[in-house]
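Engineer: Quick one: the structure is below, questions incoming.
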Amino acid sequence: MDKIFAIFRNSIKSPDVRKKILFTALIFLVARVFAHIPVPGVNLAQLQALFSQNQFLALLDVFSGGTLANFSVMALGLNPYINASIILQLLTMVYPKLEEMQKEGEAGMQKINQYTRIITVPLAALQAIGMYALLRNQGIISNLSILNLISLVVTMTAGTMLLVWLGELITDRGIGNGISLLIFAGIVARLPVAFSQTVTTVNAQDFFNLGVFVVMGIAVIASIVIINEATRQITVYYAKQVRGNKMYGGQSTHLPLRLNQAGVIPIIFAVSLVLLPSLIANYLVVAKNPLLHGIGVSISTWFTPTGILYNVVYFVLVVGFTYFYTAVVFNPKKIAEEIQKYGGFIPGIRPGAPTAGYLNYILTRITLAGALFLGLIAIFPTIARFFTNVQNLILGGTGILIVVSVVLETIKAIEAQLVMRNYEGFQRR
């Protein structure tokens, strides 16, 4: 804790880091202002009543930062952009050209980001049309003319793209990952509302169970910090090399393999996909066609946030995305080539392909532990309801994980900025 306070104290003293923090705070303020600008023609009272009665929509509203309940111009949030990112990541594994582009460094990543933005636009438009159809069937928004519907879709799509742009501004000129920080800000902004709704609807007999839930939440936060910081240290020795009259190498170092290489990304990806069936069901259940209505009712019955199927699918998606994203961000073959290039070796393991196989073996085993932990955190609300019998817990392990993970990543980013500034000052001396 003292280290964290020291980091923030030093960041305030550093002009460059302080400027980046203030810029990030300014972007947060701009995003929250737009989050309260409603789209015209929507009955907000009926909309908020619908969200208070529907647990799925309430959960979706938490992750949108309250923009859905207000039906603001940013009502779609960053979901279209996240879905576009998933599509690009999958295409990268299918098309060799995209994979080569990803290996081109900064220039290649800029092209992939541009493709992600392009795909985000039609996805946002489709989600805007689906949201309009859902609210129209619920009687919350009246039938719109073609021109007004186009205006609504364009406005909501523009809101999503504005949010993406604000996130990229934070990444370029602020502190940390902008997209993650905006999701974090939205969740934190809804925490007081979610907590008040939980407390006001809990009767006197459930206050003890609510206290048990708070204790469980603290334990979850502690476990998240421990798992995020846990690493497997792989010892690497470097052979001695003679260059001219000097001898280099002969030292040992450690290659840290994090238990959770993927961070919070698998949770964000899984949330975006696991909410789709419930969203489709809310649209089909009010359809006039009996077949579509029956399909919507079946999905609503079997795929509720408190149901077994929902939690099993959610758990499997988190585990799968953890392995998928770990394979994207950590390439054992490339690491093995780098170790061999500089004359390094792992004791008892031959350089080259055997080293890559050993790293892949270790990574697969430790990723299993991290993936299972993330999966349990994702279904934490269901586990908490089973033990505490408090049925209206809106914010669960997923939100806690995102908040804690983003805070840890941001602290590390601030610390890295401070180290870089100190190193530059040393160079000038």
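Engineer: Within the range 278-286, identify whether any single residue is open to solvent by less than 70 Å² (accessible area, probe 1.4 Å) and either among the basic types (Lys, Arg) or outside any helix (DSSP H, G or I) (or both), and answer yes or no.
Structural biologist: Of all residues in the range 278-286, those open to solvent by less than 70 Å² (accessible area, probe 1.4 Å) come to 278-279, 281-282, 284-286.
Restricting the remaining residues to those that are either among the basic types (Lys, Arg) or outside any helix (DSSP H, G or I) (or both) gives 285-286.
There is at least one residue in the range 278-286 that is open to solvent by less than 70 Å² (accessible area, probe 1.4 Å) and either among the basic types (Lys, Arg) or outside any helix (DSSP H, G or I) (or both).
Engineer: Would you list the helices (runs of 4 or more DSSP H) that sit entirely within the range 87-192 and hold 3 or more residues that are closer than 30 Å to residue 25 by Cβ and within 20 Å of the chain's Cα centre (by Cα)? Show your work before the answer.
Structural biologist: Details: elements: 96-102, 106-137, 146-173.
Those helices (runs of 4 or more DSSP H) span 106-137, 146-173.
Engineer: Using beta carbons and a limit of 9 Å, which pairs, at least six apart or on different chains, have the first residue in the range 217-233 and assigned to a strand (DSSP E or B) and the second one charged (D, E, K, R)?
Structural biologist: 231/258; 232/258; 232/365
Engineer: Continuing with the same structure: Of these, 150, 140, which one is over 30 Å from residue 17 (Cβ atoms) and modelled with pLDDT of 85 or more?
Structural biologist: On the way: 140 fails: modelled with pLDDT of 85 or more.
The unique qualifying residue is 150.
Engineer: Can you name the number of the only condition in (1) open to solvent by less than 40 Å² (accessible area, probe 1.4 Å); (2) under 30 Å from residue 111 (Cα atoms); (3) modelled with pLDDT of 80 or more that residue 89 fails?
Structural biologist: (3)
Engineer: May I ask you to list pairs of residues, at least six apart or on different chains, whose Cβ atoms are under 8 Å apart, with the first in the range 130-157 being among the polar types (S, T, N, Q) and the second being not in a helix (DSSP H, G or I)?
Structural biologist: So the pair list comes out as 137/286; 137/287; 138/286; 142/41; 148/41; 155/39; 155/73; 157/76.
Engineer: Name the helices (runs of 4 or more DSSP H) wholly inside the range 315-429 in which the number of residues that are within 30 Å of residue 14 (Cβ to Cβ), open to solvent by less than 20 Å² (accessible area, probe 1.4 Å) and modelled with pLDDT under 80 is 1 or more. Spell out the reasoning first.
Structural biologist: Numbers: elements: 332-341, 353-378, 380-388, 397-428.
Once the helices (runs of 4 or more DSSP H) in the range 315-429 are filtered for at least 1 residues that are within 30 Å of residue 14 (Cβ to Cβ), open to solvent by less than 20 Å² (accessible area, probe 1.4 Å) and modelled with pLDDT under 80, what remains is 397-428.
Engineer: Same structure, new question: What are the pairs, 6+ residues apart or on separate chains, where a residue within the range 10-33 that is on the phi > 0 side of the Ramachandran plot has its Cβ under 8 Å from a residue that is outside any helix (DSSP H, G or I) and not aliphatic (A, V, I, L, M)?
Structural biologist: From residues that are on the phi > 0 side of the Ramachandran plot, there are no pairs.
Engineer: Taking the range 102-128 on its own, how many of its residues are under 18 Å from residue 276 (Cβ atoms) and crowded, with 16+ Cβ neighbours inside 10 Å?
Structural biologist: Residues of the range 102-128 that are under 18 Å from residue 276 (Cβ atoms), as a first pass: 119-120, 122-128.
After this cut, where a residue has to be crowded, with 16+ Cβ neighbours inside 10 Å as well, the list is 119-120, 123-125, 127-128.
Final tally of qualifying residues: 7.
Engineer: Within the range 321-359, track down each residue that is touching a residue at least 12 places away in the same chain (Cβ under 8 Å) and within 25 Å of the chain's Cα centre (by Cα).
Structural biologist: Hits for the range 321-359 are 321, 322, 323, 324, 325, 326, 328, 329, 330, 332.
Engineer: Still on this structure: May I ask you to say which residue of 251, 205, 241, 233 is among the polar types (S, T, N, Q), open to solvent by 30 Å² or more (accessible area, probe 1.4 Å) and modelled with pLDDT of 80 or more? Before you say what the answer is, go through the steps one by one.
Structural biologist: Details: 251 fails: modelled with pLDDT of 80 or more; 205 fails: modelled with pLDDT of 80 or more; 241 fails: modelled with pLDDT of 80 or more.
The unique qualifying residue is 233.
Engineer: Additional query: Is one or more of the residues making up the range 56-74 within 23 Å of the chain's Cα centre (by Cα), farther than 30 Å from residue 310 by Cα and at pLDDT 75 or above? If you could, list the steps in order and put the result at the bottom.
Structural biologist: Our first condition is that a residue be within 23 Å of the chain's Cα centre (by Cα); within the range 56-74, this holds for 56-74.
From what's left, farther than 30 Å from residue 310 by Cα: none.
Scanning the range 56-74, I find no residue that is within 23 Å of the chain's Cα centre (by Cα), farther than 30 Å from residue 310 by Cα and at pLDDT 75 or above, so the answer is no.
Engineer: Take the residues of the range 287-311 that are hydrophobic (A, V, I, L, M, F, W, C) and not in a helix (DSSP H, G or I): which is farthest from the chain's Cα centre (by Cα)? Working first, answer last.
Structural biologist: Within the range 287-311, the first condition is being hydrophobic (A, V, I, L, M, F, W, C), and the residues that meet it are 287, 291-292, 295, 297, 299, 302-303, 308-309.
Okay, now just the ones that are also not in a helix (DSSP H, G or I), so 287, 303.
On the way: 287: 33, 303: 22 Å.
Among those residues, the one meeting the criterion is 287.
Engineer: Being aliphatic (A, V, I, L, M), open to solvent by 20 Å² or more (accessible area, probe 1.4 Å), part of a helix (DSSP H, G or I) and modelled with pLDDT under 85 is the filter here, so list the residues in the range 21-55 that pass it. Even if it seems obvious, please write down each step before you answer.
Structural biologist: Of the residues in the range 21-55, the ones aliphatic (A, V, I, L, M) are 21-22, 25-27, 29-31, 33, 35, 37, 39, 42, 44-45, 47, 49-50.
From what is left, the residues that are open to solvent by 20 Å² or more (accessible area, probe 1.4 Å) are 21-22, 25-26, 29-30, 33, 37, 42, 44-45, 49-50.
From what is left, the residues that are part of a helix (DSSP H, G or I) are 21-22, 25-26, 29-30, 33, 44-45, 49-50.
Across the range 21-55, the qualifying residues are 44, 45, 49, 50.
The values are calculated or read from the model by the stated rules, or taken from the named source; none is laboratory data. These numbers come from a predicted model, not from an experiment. Reconstructed Cβ throughout: ideal geometry from the backbone, glycine too, with neighbour counts over all protein chains shown. Remember, those area values only see protein heavy atoms, side chains included, never the ligands or the DNA or RNA. Shrake-Rupley method; radii C 1.70, N 1.55, O 1.52, S 1.80 Å.
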